[in-house]
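Just below is one structure, and these are the notes that go with it.
The values are calculated or read from the model by the stated rules, or taken from the named source; none is laboratory data. Because the structure is predicted, anything quoted here is derived from the model rather than measured. Don't worry about glycine lacking a Cβ; one is built from the backbone with ideal geometry, like all the others, and counts go over all protein chains shown.
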Amino acid sequence: MDKISVIVPCYNEEEALPLFYAEIQSVMAKMDDVAWELCFVDDGSTDGTLAHLRRFAQSDPRVRFTSFSRNFGKEAAMFAGFEMCTGDYAAVMDADMQDPPSLLPEMYEILRTGEYDSVATRRTTRTGEPRIRSFFARMFYRIINKISNADIVDGARDFRLMRRSMVDAILSMGEYNRFSKGIFGWIGFRTKWLPYENVERVAGETKWSFWKLFLYSLDGITAFSTVPLMLSSLLGLICCILALIMIVVIVVKTLMFGDPVGGWPSMMSVILLLGGIQLFSVGILGQYLAKTYLETKHRPIYLVRETEEGVK
Ligand code: UDP
Ligand code: MG
């Protein structure tokens, strides 16, 4: 019998969790030809999330959970889920039901044919999202696909069902700066995309502000592309060529027409431009250096405070 592990990162989801649990229970009841394991990861919630999880685990042997010592972020929570799951298949789902559990039977059927290694979901609409956010999201996907060799699909959600082989591949990428959309794309394997309409969360609020998303997108770019580093070389080269041309022009002009002094404004603009380009380039370099610094510390991706073993 196949076993499906459902990984659910939860951060302050006390309102949505009972609804999610009821929904997934009805899906599990329908698919009774497979064994199930629910791997909840409590990402340092400060509300009643952990209490819910303890209660689920006490009454249901299929429920397991890991509770972090603090909030480590969804990426860390997903990684913990992959590490704890034991199924032949694993699915990642949000607790807010934006990833409809009712898609699971269809996804499992597709994987069973053996042609694909994972079935992932892609939302085709962005309803319920501020327009400016959609615009920046689209731009991000366009840029990162140009400059990185990981295939990152626009509108892809983290919700996907995958085979064990793919889970092992993800676990083999032990980097500290985790960007799952890039990791899924980078490892390859055969993925089937299921488009679906965007669903709004059932309860609670999104944990992503515009600023957080913006920083996350920069993380994604530095994690999966080194093109920005080349940018400074390119800018430097362009400046050198421009400067050479200007030198020739000035020398010729001085020889032919003498040297009337009057270059202060143009001098200032050139200094400012060059200074700006230099700071910008050093900044990019700093981003990569910071990431390297964090990686070399080999800090754990998450720390566990409690697991289901405490209540079983
Ligand atoms: N989440 C998490 N840690 C965090 C932020 C979010 O584990 O620091 C979980 C959250 O509980 C939810 C999922 O990640 O199950 C997606 O979060 P959210 O719904 O806020 O993001 P959105 O769907 O708006 O992108
Ligand atoms: Mg959500």
Q: Report whether or not T191 is in contact with a strand residue (DSSP E or B) (Cβ under 8 Å, 6 or more places away or on another chain) and either surrounded by 16 or more Cβ atoms within 10 Å (Cβ to Cβ) or within 30 Å of N12 (Cβ to Cβ) (or both).
A: yes
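Yes/no per residue for (1) assigned to a helix (DSSP H, G or I); (2) free of Cβ contacts under 8 Å to residues at least 24 places away in the same chain; (3) under 28 Å from T191 (Cα atoms):
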{"residue": "F40", "(1), (2), (3)": "no, no, yes"}
{"residue": "L50", "(1), (2), (3)": "yes, no, no"}
{"residue": "F79", "(1), (2), (3)": "yes, no, yes"}
{"residue": "E83", "(1), (2), (3)": "yes, no, yes"}
Q.
I'd like to check something: does region 118-128 contain any residue that is part of a loop (DSSP other than H, G, I, E, B), more than 16 Å from ligand 2 (Cβ to nearest atom) and either out of contact with any strand residue (DSSP E or B) (no Cβ under 7 Å at 6 or more places or on another chain) or more than 26 Å from S26 (Cα to Cα) (or both)?
A. yes
Q: Run R178 past the list (1) modelled with pLDDT of 90 or more; (2) outside any helix (DSSP H, G or I); (3) not β-branched (V, I, T) and report the number of the one that doesn't hold.
A: (1)
Q. Which condition number does L103 fail, the rest of (1) under 20 Å from the mean Cα position of the chain (by Cα); (2) at pLDDT below 90 being met?
A. (1)
**Q.** When residues of region 185-208 are limited to those that are assigned to a loop (DSSP other than H, G, I, E, B) and aromatic (F, W, Y), the one nearest to R160 (Cα to Cα)
**A.** F189
Q. Which one of these is farther than 27 Å from P300 by Cα, more than 13 Å from ligand 1 (Cβ to nearest atom) and either crowded, with 16+ Cβ neighbours inside 10 Å or of a type in the set (S, T, Y) (or both): Y176, Y196?
A. Y196
Q. Restricting attention to region 199-224, and to residues there that are more than 16 Å from ligand 2 (Cβ to nearest atom) and buried (at least 16 other Cβ atoms within 10 Å of the Cβ), which single residue is nearest to R131 (Cα to Cα)?
A. S217
Q) What tally of residues in region 113-125 results from selecting those that are exposed (fewer than 15 other Cβ atoms within 10 Å of the Cβ) and touching a residue at least 40 places away in the same chain (Cβ under 8 Å)? A) 3
(Q) So if I check each of I284, I250, which one is β-branched (V, I, T) and either over 34 Å from the mean Cα position of the chain (by Cα) or at pLDDT below 80 (or both)? (A) I250
Q) Would you pick out the residues in region 239-298 that are aromatic (F, W, Y), within 27 Å of I221 (Cα to Cα) and surrounded by fewer than 12 Cβ atoms within 10 Å (Cβ to Cβ)? A) Y293
Q) Residues in region 27-52 that are of a type outside the set (F, W, Y) and either in contact with a helix residue (DSSP H, G or I) (Cβ under 8 Å, 6 or more places away or on another chain) or within 14 Å of D99 (Cα to Cα) (or both): how many? A) 11
**Q.** Any chance V227 is over 30 Å from M173 (Cα atoms), surrounded by 10 or more Cβ atoms within 10 Å (Cβ to Cβ) and among the hydrophobic types (A, V, I, L, M, F, W, C)
**A.** no
